[in-house]
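Below: the structure, in structure tokens.
The values are calculated or read from the model by the stated rules, or taken from the named source; none is laboratory data. Note that this is a predicted model, so its numbers are computed, not measured. Positions of Cβ are generated from backbone atoms using ideal geometry, with glycine treated the same way; all protein chains shown enter the neighbour counts. Heavy atoms of the whole protein, side chains included, go into the accessibility calculation; ligands, DNA and RNA do not. Shrake-Rupley method; radii C 1.70, N 1.55, O 1.52, S 1.80 Å.
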Amino acid sequence: MKKKSFWLISLLLVFSMFLAACNSGNETSGNEKDGDKEEANTGEPVEGGKVTLAVTTAPEGVFEYAYYRSAVDAQILEFTGGSIYQVNDDLEYEPDLASWEISEDKLTYTFKFKEGVKWHNGEELTVEDWQFALETMADPAYDGERFNYVEGIKGAKAKKDGKADSIEGIKVIDDYTIAITFEEMKLNNLENLWSYPMPKKHFEGIAVADLGESEQVRTNPVGLGPFKVKSVKPGEYVELEKFADYYKGEPKLDNIVVKVIDASVANGALQNGEVDIMEVIPNQVEELEKMDHISVEETTGVGYSYIGLRFGHRDQEARTNKDDIDKFKNKDLRHALLYAIDRQAMIDAFLAGKGKVFNTVIPSTFWIAADESELNQYEYNPEKAKELLAGAGYKDVDGDGFVEDPDGEPFSISFGHYAGNATFEGRAQAIIQSWNDIGVKTELATGSLIEFNLYNDMKTEDDEALEAFFGSWSTGSDPDPSGLWANNAEWNFGRWVNEENDKLLNDALSEKAFDKDYRKEVYVEWQKLFNEEIPAIPLWENLDLYGINKRLQGVHINAVGFQTNTHEWYVTE
Amino acid sequence: MVKASLNTDGQVLIKNKQKQFSPWKLARKKFLKNKIAMTSLIVFVSFVLIAVFGPLFTTQDITRINFMSMNLPPSAEHWFGTDTNGRDIFTRMVYGARTSLLIGLSCMTFIIVIGTIVGAIAGYNGGKIDQIFMRITDFVLNFPFLVFVIVLNTILVGKVSGVWTLILVISLLSWGGVARIVRSRFLSEKENEYVLAAKSIGTRPIKIIGKHILPNVASTIIVQATLMLAVTIVAEAGLSFLGSGVPANIPSWGNMLFEARDSDVLRNKTWIWVPPAAAITITILAINFIGEGIKDALNPKSRR
């Protein structure tokens, strides 16, 4: 009896919540729209002002690049921190706090810092702050996750192992000049080098082991960016105020509030002006586009989706991949699986059209992306898929409507997808249905969408249920695809091993590749190889979407995000 | 004290026996006169009939994603419209009724069987056995239901086929309340003279429990059963709404509600989630009214 009333009450509560959401939404929309039309004509910038950025998970509150773990902390650090280089709209690395020269042997980089750059506490930035950061991260007591960013420096490993007191490859020349020598010549040494100085004076006297938990990192952080942390309310918001001595010029806004809201109320919050800017997902867009005072900005991002196909297993000890499963070894089969999927229809249906079909795994925004004319387009063609299957010997022998493999054995695919967003069920179903339609029997692995963390574990452990699996990946600004597709890469979840693949990927990082044209040529070759082999089924590249209130101006959006030059943000009311 | 209660109970029993109508006939008469309960019964039975026979008449494919007909409002072709995956909502409602009612009825059966057995053994024997059984019951009652169901369901996924995992998990976690009530009824019932009489002529305990006491506590169990039916249907809907109930490709009312988690669907595409929500509400109300009706009908003291 007690339980019954509990359920009834909770059901009632849920319904009343729906109703409440509908009501408040409608009322405020009316008012907002009227008010907005008036001020749209007078779009003059006003001085100061406060802007609210919404995030859907709470920040952890670790405001130091070397220690942060959550993506939200990273967003806050984008406001408060500063970097040696920045990534421009074409995803190339440009000098920011420092410029650099590369030695003849390509092993030593000499950095020249800008003079007069101030930390939030008034101290001046010198190369010692950067040296301090690098030394800290190579310290055996460093408990953050980013040793790999200093690993390439000569002598960093020795320090990490306790064999040296300092990193051999760092030489301070004067207050503004520093030389870094790397262990081996690699094209992306710079991209892989830690680029964030640490406030040495601020952290003085704190043991490396205690740094991540210290008050200086958690509640009283000091950075170089246009905004500094004013107050932190855990789980609710972080308030930032402008730093007037910012080296690129005084920020136009007074305050930025990074506020935590629930994803389900995101549209409402944008609508009633509670939130000025946030990242949005495709199924929010249709509703947002109807609001006059909200603009939806989109840009081709660095994220993409694909269907992985399992070729083998990973030997975790030896850190190598072995292709010992024959299921997908037939290239025509893989081509058929791709031809069977109507990718454009899926983008329209499940991503509100906010995606772009692609045929390799290099998002088009990268400068190394191959021209589409050089690639096979694999347009939706179920008839061709069936022909390819028949040609490869996959025929329906026993008359059950599904093909058997060339040996006449039953053939079926177990396809896995993770749980989350409400559109995932349809997406998984659509893929399964496409393959069933061409006669390849496909079932949903485990019978239901798999919880996300469990799914990732299953992928890592080569779970048998995931013969084919849905994957989404964000590449970051370094175009090198080795992390996900090199033969022995840990994240090469399909365990695809191909000699030509590794040859090209290594070639693209070789000394010859310092010539940009050559490097691009090699990557185009690699993309052609991928496009021909289809070791995984490329689906689409994602568009990054942002909902922005029109009162907020000056936001510069590019493939890496929306937080470039935030000191130029301003409001018009 | 014990004797006194024995006497009065015994007299009531004898009086009933002397009348022309058996207590069951009386109850049926009373129930038929209860308008709310009868309406509810008709509604519920028609839902069950639709669930059982409806799928024989529907023409639409319930799982096929149809890119051409997504999010269509209700029309002559699609009576209740289509959902975000282009599937006919009316057809899914019919199949969903099948799943939801199957889960409700199966869980109810399991719960009542387990609860009655445990309660009967504990209540009849008393003493140490009672203690042991009741501690186990307390243990089950103390599980945080929702959390535990979600965890168990995740562990069992892939090992037992979808819907039956859920039925098993819900049943195993919900019999505690029934066991308690049955036990308390048994405790008071076994002190009656007819039990004493049966015992004294050497009837086996299992026969006493099954043939003598159980019919006398049946009314309580039946009322409990209707309540459990309602509870489990809501539990299924709640769990599926949270995404850890019935596998996503099997339509159930809860799974259909899942789509309402998208704010756009919630605000602008009401036809997608109103039908399953309404169906759940109506079913639960109907079952509860039926339960109340039965309780009234079986209660000799009510004069309605």
Query raised in the report: Once you list every other residue whose beta carbon is under 11 Å from the beta carbon of A:G116, what net charge do they have if Lys and Arg are +1 and Asp and Glu are -1?
Result: -1
Report task. Could you list the GluC sites (Glu not before Pro) in segment A:367-435 that lie in coil according to DSSP, counting only those with at most 13 other Cβ atoms within 10 Å of their Cβ? Result -> A:E379
Query raised in the report: Among B:R92, B:R261, B:R180, whose mean-square fluctuation peaks in a Gaussian network model of chain B (Cα, cutoff 10 Å)?
Result: B:R261
Query raised in the report: Using just the C-alpha positions of segment A:361-507 as equal point scatterers, what log10 of I(q)/I(0) does the Debye formula give at each q in 0.21 1/Å?
Result: -1.34
Query raised in the report: Using 0.36 nm per residue, how much length does the chain from B:E191 to B:T270 gain when fully extended, once their Cα-Cα distance is taken away?
Result: 22.7 nm
Query raised in the report: Label B:F90 and A:D315 with points 7 Å out from Cα along Cα→Cβ: what is the distance between them in nm?
Result: 6.2 nm
Requested in this report: Work out the FRET efficiency for A:H556 and A:E92 from their Cβ-Cβ distance, taking R0 = 22 Å, and round it to the nearest 0.05.
Outcome: 0.90
Query raised in the report: Which helices pass in chain B if a helix is a full DSSP H run, must span at least 30 angstrom along its long axis by Cα, and must have mean Kyte-Doolittle hydropathy not below 1.0?
Result: B:89-125, B:214-242, B:270-298
Query raised in the report: How big a patch of accessible area, both sides summed and in Å² to the nearest 100, lies buried between B and A at a 1.4 Å probe?
Result: 3300 Å²
Query - Over 23 Å (Cα to Cα) - which of A:K322/A:K520; B:K30/B:K301; A:K171/A:K201 fall in this group - result: A:K322/A:K520
Query raised in the report: What distance in nm separates the simple spin-label points at A:S103 and A:A141, each placed 7 Å from Cα in the Cβ direction?
Result: 3.1 nm
Report summary line: The size of the Cβ-based charge dipole (Lys, Arg +1; Asp, Glu -1) of chain B about the Cα centre, to the nearest 20 debye, is 1680 debye
Report task. Provide the per residue accessible area, probe 1.4 Å, for segment B:152-278, rounded to a whole number of square angstrom. Result -> 38 Å²
Query - Exposed chymotrypsin sites (Phe, Trp or Tyr not before Pro) absent - longest run of chain B, DSSP non-H/G/I/E/B, at most 16 other C-beta within 10 Å - result: B:80-304
Query - Selected from B:I272, B:I280, B:I36 as most flexible by GNM, with chain B as the system and alpha-carbon contacts under 10 Å - result: B:I36
**Report entry** Local net charge near B:Q131, Cβ-Cβ under 15 Å (Lys/Arg +1, Asp/Glu -1)
**Finding:** +2
Report summary line: Buried by partner chains in segment A:400-436 (accessible area down by at least 40 Å² vs chain alone, 1.4 Å probe, heavy atoms, protein only) are A:A422, A:E425, A:Q429, A:Q433
Query raised in the report: With each pseudo-label sitting 7 Å past Cα toward Cβ, what's the A:E60-B:T281 distance in nm, one decimal?
Result: 4.4 nm
Query raised in the report: Which of B:E193, B:E292, B:E259 moves the most in a Gaussian network model of chain B with Cα springs under 10 Å?
Result: B:E193
